[in-house]
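Undergrad: Submitted below is the structure of interest, expressed as structure tokens.
The values are calculated or read from the model by the stated rules, or taken from the named source; none is laboratory data. Please read all numbers here as calculations on a predicted model, not as lab measurements. With ideal geometry, Cβ positions are generated from the backbone for all residues, glycine too; neighbour counts draw on all protein chains shown. In case anyone asks, the SASA skips ligands and DNA or RNA and just uses the protein heavy atoms, side chains included. Shrake-Rupley method; radii C 1.70, N 1.55, O 1.52, S 1.80 Å.
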Amino acid sequence: MQNPFKPTAGRIPPVLVGREDIISDFDYAMMDGVGSPGRLMFITGARGVGKTVMLDTLGTRARQQGWEVIDETADCGFIQRLVDTLAGKEDAHISAYNMPELGVDGGFGKVELNLGRVELDRREERPLTLRRAVGARLDEMDESSQGILITLDEVQSGSMDEIRALSIAMQHMIREGRNVALIFAGLPSAVNEVLSDKAITFLQRAERYHLGSVPAEKVLEAFEESFGGEKKAGMETLIRLTKATHGYPFMIQLVGYWAWRLSEINGHGEWVTEEDAEQGIERAKVKLGDMVHMPALRKLPAQAINYLLAMSVDDDVSNTGEVARRMNRSPQFGNVYRTMLIENDLIEPVAYGEVAFKMPYLRDYLREHGAYLQMRENISEMAGE
């Protein structure tokens, strides 16, 4: 029996729960034609909520309608990679060559080595700008039924200059009535930065979808479907698994994967028992820390981590004034990092002057690794990083 849960970053899960509205809106935009709002889209959310999965899902639906889809990540040089892909750019071609030769000079007994010669050329001149590359590629298509979708993941990793160049190129394509679509995905703070750029205000008209928690009833339905065939589980077990996910999409995959796998390790055949569920949940928490919590914390400045460590002392909500006092800072200083952490979906305001952890099990992770995190940040500060 193949495990249907695949907790791998960016891997499309077998059950895409709680995202039907986004898919429906995109399908409508593809049918609606050039200029439809849903053809320009931002997808935001914390790490592990399924942004990359959503990009892959929408890309698949566009391909099914005959579109060309180019998936890129917004790290350095992505504009050139887009141009190369659109132009069908290949490596240089060999136009002439001589094979290496080895000989001996008979008069002096000297060995001579000819390393040969290789000449490279380009078969044709390629477009030098993204706008020209998109236009040239569209000219080769039947735009009555075909188009180009560009998806850009990890917007927080990109330079604003390149993101600006992509946006302006696509804006011109839309103005010209070309059959194009563009979907960005990234952390909320990065998307806010893009939207606030005065040079590309047209992006403010884009559809924006914030991926949050999946409703518990949707998670339960997904587990019922996944554990209703070759591998089964009782309703109490399914409810327990559902509660353990807190509606966090990546945790749904982790919990399902490890419950399934533990049932096999424990030799329980076609059934997932309470024991399997308990052990699977604990294993999922560990993996969540390694795969989501640590990468998320690594990107934060030292004082933001200190804010989270100060919050982790509390068992429930935290008073923002008390958090600042624990940091030996003013409330105004603490509010800077409170805002940053809210924008990145790690914490959330729950009442006036109160915040709580939003990412599941982050408090537990901080309590377990707090000493290490504090030491790491102290070292970074001493090094002037």
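Undergrad: If I take R0 = 25 Å and measure r between the Cβ atoms of H172 and R208 in this structure, what FRET efficiency does the formula 1/(1 + (r/R0)^6) give, to the nearest 0.05?
TA: Working: r = 22 Å, r/R0 = 0.88.
Step by step, r from the Cβ atoms, then E = 0.70.
Undergrad: A further question follows. So how strong a dipole does segment 169-303 carry about its Cα centre when Lys and Arg Cβ are +1 and Asp and Glu Cβ are -1, to the nearest 20 debye?
TA: Roughly 840 debye for segment 169-303.
Undergrad: Further question: Taking the Kirkwood radius as the inverse of the mean 1/r across Cα pairs, report the Rg/Rh of segment 235-354.
TA: 1.11
Undergrad: While we're on this one: As a quick test, which of the pairs K232/K299; K6/K243; K51/K285; K231/K285; K6/K232 have an alpha carbon distance above 29 angstrom in this structure?
TA: Details: K232/K299 40 Å; K6/K243 19 Å; K51/K285 21 Å; K231/K285 22 Å; K6/K232 18 Å.
Over 29 Å apart, Cα to Cα: K232/K299.
Undergrad: Over all directions, what mean area does the Cα convex hull of segment 185-276 project, stated in square nanometres?
TA: Projected over every direction and averaged, the Cα hull of segment 185-276 covers 7.4 nm².
Undergrad: May I pose another question? Which residues does the label zone of E140 cover in segment 47-83, counting backbone N under 14 Å from a point 7 Å along Cα→Cβ?
TA: Only 68-70, 83 fall inside the zone, counting backbone N under 14 Å.
Undergrad: Can I ask one more? Accessible area of segment 154-237 with a 1.4 Å probe: how many percent of it is carbon plus sulfur?
TA: Carbon with sulfur: 47 percent of the solvent-accessible area.
Undergrad: Another question, if that's okay. Compute the length gained on full extension between A356 and D84: take 0.36 nm times their separation in residues and subtract their Cα-Cα distance, giving the result in nm to one decimal.
TA: 93.3 nm
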